[in-house]
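Everything below concerns the one structure shown next.
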Amino acid sequence: MDQGVIYFPSKPAIIASGVVAGPVEKKSVFAKDFDKFYDDERAEEDSNEKGHQTMAEQACQIALQKAKIKQNDVDFLMSGDLVNQMTPSNFAAATLQIPYIGLFSACATAVSSVIIASLLTELGGSRYALAGAGSQHNSVERQFRYPVEYGGQKPGTAQWTVTAAGYVLIAKGQMNSPVVEAATVGKVIDLQQTDPFHMGAAMAPAACDTITRHLKGRGQKLSDYDLIMTGDLGKIGLPILKEMLIKEGMAKQDVQKIRDAGAEYYGDDESFLAGASGAGCSASVFFSYILKQLNEKKMERVLAIATGALLSPLTVQQNESIPCTAHAVEISMK
Amino acid sequence: MLSSLIMAFIVGGLICVIGQLLMDIGKLTPAHTLTILVVAGAILDGFNLYEPLIDFAGAGATIPITSFGNSLTHGAIAEAEKHGWIGVLTGMFEVTSSGISAAILFGMIGALIFHSKGQHP
Amino acid sequence: MDAKQYDHLQQSLSPKPSILKNCLKAFLVGGIICTIGQLITFFYITYFNFTEKTAGNPTVATIIFLTMLLTGFGVYKKIGQFAGAGSAVPVTGFGNSVISAAIEHKTEGFVLGVGGNIFKLAGSVIVFGVTAAFVVALVKLILVTMGVANW
Amino acid sequence: MKKGLLLLVTLILVGCNNGQTSFFTTNKDSSHKDQRQEIEQIVKDDQHIKRVTALLTDNAAIVGIEVKPFSKWKKRQYEKEWQKEIEKALPQKDVLVSTDLKIMIETDKLAKKQMGEKELDKKIKELKELSEEET
């Protein structure tokens, strides 16, 4: 047994998903796979945090509607976000009235919640479980950086926090649905990176470690997957990851096929600098684009690695480095 | 007339370049940069160098944040000159800055009328 | 891979900020802001009873008013991304840091939100400005008393 | 925004540009001729001075001086020196020498107008008070 690698023999199925996003995300290259957009980034609520909460609730509701499942039949909700004490997720859980555990893995929460939900399903303790994460640009910016309207210059390595929420509904193994085959829980890797405007560089080593362990644990190669996608390394973090994997001895042509949701999210628009980030970035792409590719049988086996930088404004100001993690989930479709 | 505008442009621009170098080469946050510039303005006035710069460059010297340090020191020194030791202290309490009052007032008005919009270009 | 090796790898793959280009942009925008300030000063001198010495206050107030509008309509952050220090160093940058914090914290109420956070970013400028002014005036007073310097 | 700025620029350019190009401007009538010449003598050869407007009455004198751009560094010091020299030349008069743009503009305006001694005295006194304001 390899450290942190989990197998799911009963193959928990992802039977439905719901992805909602804010106004800026309409420009996303993945936008056509999202379920709903808001014209107002606060979702017509009077604070950013309430808007964030509404989006989480909506995404869950959409997933439930698609699967035609009632709220009462859902046994667990695994959710998280980036706001202090994860209040948007907590309030959403209060509205939804589903037994809930809040999870924090920063931007890797989308996958860590899927891992826990799959485990609960695997154990037979859950008929249906909702899992997901979200982020809202304004509320995250104000907490980790500056007020939204502050005119500070961001370097080209900075990333744009996505306003989106993505949730999936996980049930016991079923035909015609993508299934969770295996997962790898990330270690926290800290290579003494300190620049809060260069998260890609901080997170790449964590992604490298998780990918390497997952492949070793599963006895697979990169080429065994139709798609390997990281969460939000961005346009600069992704090449760093590739370089690291090549140094680990992986085949160059396979490494070059690795994609990153954050790097592709806003296309070539340079005003988004190094691309997208935030818990909503991996959640919205993994739970729309990837699931759709699997459902339409365009792909058979996908490795999705969500990356998260585990920093706080406090640790940054105390000159601490930025510890990072990455959680991977292997999804397949027969 | 025109020469004053050009001087304001050049001197004001150069002070901003110093700020940019502090940020890019010194790797300082905007808050650190501005703090250093304010302290620099205060020290320059101690050497009687900032007022000539204002005479020379006009708004090129009064608009950058360095002039805030200058006006604080100027008030303190003027009082110290008049009243000695105690003047340094009273001078500190006497100085008012239109920059602070204006920022507070318009900050309050701004909060009343505007919402923060995170929307991107 | 240890932290040092990784830092080396990371830096070789990360783009460097173009310092020359950033400085040029800062110079241009900072210069323009100061020129606008000079125009406003001329306006107050010509049409109102202000001298060069006294026109500074209304000029600063006017330019911070303009900053409020630019901040409120979300223009200032775009200028800031382009100009860097060019829009941070002029008093407009001070105004922007105060006004943006005020708008941001409106949701927590006017007393604890706006009032409590309005100087979140600009506070250090005031604190260090006042402290530095005190120290400078004190040092100068000592030097003058010792007969080393003149006022 | 752009339109407002343009308007402001035009206003200021129109407001300031009153077409004076001669080095030394003074009262239109021929009063105080000798004293005017004395002032002219003092400022004539000074390399820091771009332009001067001087107005004299029986009791007072106001001298607005525009300093050359690169001499502005030390203009406060020069201003004091000129004030001293002109006071010396006009011992009976209440003299104001100023390098402030505002005083220059106002003195230019007064020079254009024809007004009585008394009225002019009052205006000069007002300008003197204005120039002494600190904030």
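Just so it is clear, none of the values below were taken in a lab; they were calculated from the coordinates. What you see is a predicted model, and the numbers here were worked out from it, not measured in a lab. Every residue, glycine among them, receives a Cβ derived from its backbone with ideal geometry; neighbour counts consider all protein chains shown.
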**Message:** Going through the cross-link list A:Lys172/A:Lys221; A:Lys221/A:Lys334; A:Lys242/C:Lys4; A:Lys235/A:Lys334; A:Lys172/A:Lys292, which pairs have a Cα-Cα distance over 21 Å in this structure?
**Reply:** A:Lys172/A:Lys221; A:Lys235/A:Lys334
**Prompt:** Averaged over B:84-93, how many beta carbons belonging to a partner chain fall within 10 Å of each residue's beta carbon?
**Reply:** 3
**Request:** Please work out the Cα convex hull volume for chain A and give it in Å³ per residue.
**Result:** 121
**Request:** Calculate one ³J(HN,Hα) per residue across the range C:127-132 by plugging θ = phi - 60° into the Karplus curve 6.51 cos²θ - 1.76 cosθ + 1.60, and present them in order as whole Hz with x for glycine and proline.
**Result:** 4, 6, x, 5, 4, 4
**Prompt:** How many percent of DSSP beta bridges within chain A run antiparallel, rounded to 5?
**Reply:** 65
**Complete:** Out of B:Phe93, B:Phe106, B:Phe56, a Gaussian network model of chain B with alpha-carbon springs under 10 Å gives the largest mean-square fluctuation to B:Phe106
**Fill in**
Taking every residue of B:67-80, the Cβ atoms of other protein chains inside 10 Å of its Cβ average out to 6
**Item:** Separation in nanometres of the label points that stand 7 Å from Cα toward Cβ, at D:Glu126 and A:Gln97
**Value:** 7.8
**Item:** the range A:4-61: GluC sites (Glu not before Pro) falling in loop per DSSP and having at most 14 other Cβ within 10 Å
**Value:** A:Glu44
**Message:** Averaged across D:105-112, how many Cβ atoms of other chains sit within 10 Å of each residue's Cβ atom?
**Reply:** 1
**Item:** Under 12 Å from the A:Arg259 label point (7 Å along Cα→beta-carbon), backbone N, the range A:195-233
**Value:** A:226-230
**Message:** Can you tell me how the range B:1-76 classifies by the Cα gyration tensor, rounded, prolate or oblate, using a/c under 1.5 as the rounded cut?
**Reply:** oblate
**Request:** Enumerate the calculated ³J(HN,Hα) couplings along the range A:59-73 in order (Karplus 6.51 cos²θ - 1.76 cosθ + 1.60, θ = phi - 60°), each rounded to whole Hz, writing x wherever the residue is Gly or Pro.
**Result:** 4, 5, 4, 4, 4, 5, 4, 4, 8, 6, 10, 7, 3, 5, 7
**Asked** Pick from B:Ala102, B:Ala111, B:Ala76: which residue has the top mean-square fluctuation in a GNM of chain B where Cα pairs under 10 Å get a spring?
**Response** B:Ala111
**Coil-residue chymotrypsin sites (Phe, Trp or Tyr not before Pro) of the range C:35-113, DSSP, other Cβ within 10 Å capped at 11** = C:Phe48
**Asked** Is any residue of the range D:69-105 close enough, with backbone N under 18 Å, to a label point placed 7 angstrom from the Cα of D:Ser31 along the Cα-Cβ axis, and if so, which?
**Response** D:90-96
**Request:** Report, as a whole number in µm² per second, the diffusion coefficient that Stokes-Einstein gives for the protein assembly as shown at 25 °C and 0.890 mPa s using the Kirkwood radius over alpha carbon pairs.
**Result:** 84
**Complete:** the range B:55-102 -> Rg/Rh from Cα coords, Kirkwood Rh, value 1.05
**Prompt:** Where the centre of each part is set by its Cα atoms, how far does the range A:260-293 sit from the range A:228-243, in angstrom?
**Reply:** 12
**Prompt:** In the range A:206-274, what trypsin sites (Lys or Arg not before Pro) fall in a loop by DSSP, with at most 15 other Cβ atoms inside 10 Å?
**Reply:** A:Lys221, A:Lys257
**Which listed pairs, of C:Lys53/D:Lys68; D:Lys93/D:Lys113; B:Lys82/D:Lys68, have C-alpha distances above 25 Å, in listed order** = B:Lys82/D:Lys68
**Asked** Which of C:Lys140, C:Lys120, C:Lys77 moves the most in a Gaussian network model of chain C with Cα springs under 10 Å?
**Response** C:Lys140
**Complete:** Taking N as the number of residues in chain C, the ratio of its alpha carbon radius of gyration to 2.2 N^0.38 Å works out to 1.42
**Item:** Beta bridges by DSSP in the range D:21-132, antiparallel share as percent, to the nearest 5
**Value:** 50
**Complete:** Looking only at aspartates and glutamates whose Cα falls under 18 Å of D:Lys72's and that sit 8 or more positions away or on another chain, we get B:Asp45, B:Glu51, B:Asp55, C:Glu52, D:Asp45, D:Asp46, D:Glu81, D:Asp100
**Asked** Under the Karplus relation 6.51 cos²θ - 1.76 cosθ + 1.60, θ = phi - 60°, what is the ordered set of whole-Hz ³J(HN,Hα) values for the range B:70-85, x standing for Gly and Pro?
**Response** 4, 5, 5, 4, 4, x, 5, 5, 4, 5, 4, 5, 7, 10, x, 3
**Prompt:** How many nm is it between the label spots at A:Leu314 and D:Lys84, if each spot is 7 Å from the Cα in line with the beta carbon?
**Reply:** 6.4
**Complete:** Spelling it out for D:Val67: with amide H atoms placed in the peptide plane at 1.01 Å from N, the residues 5 or more places away or on another chain with amide H under 5 Å from its amide H are D:Lys50
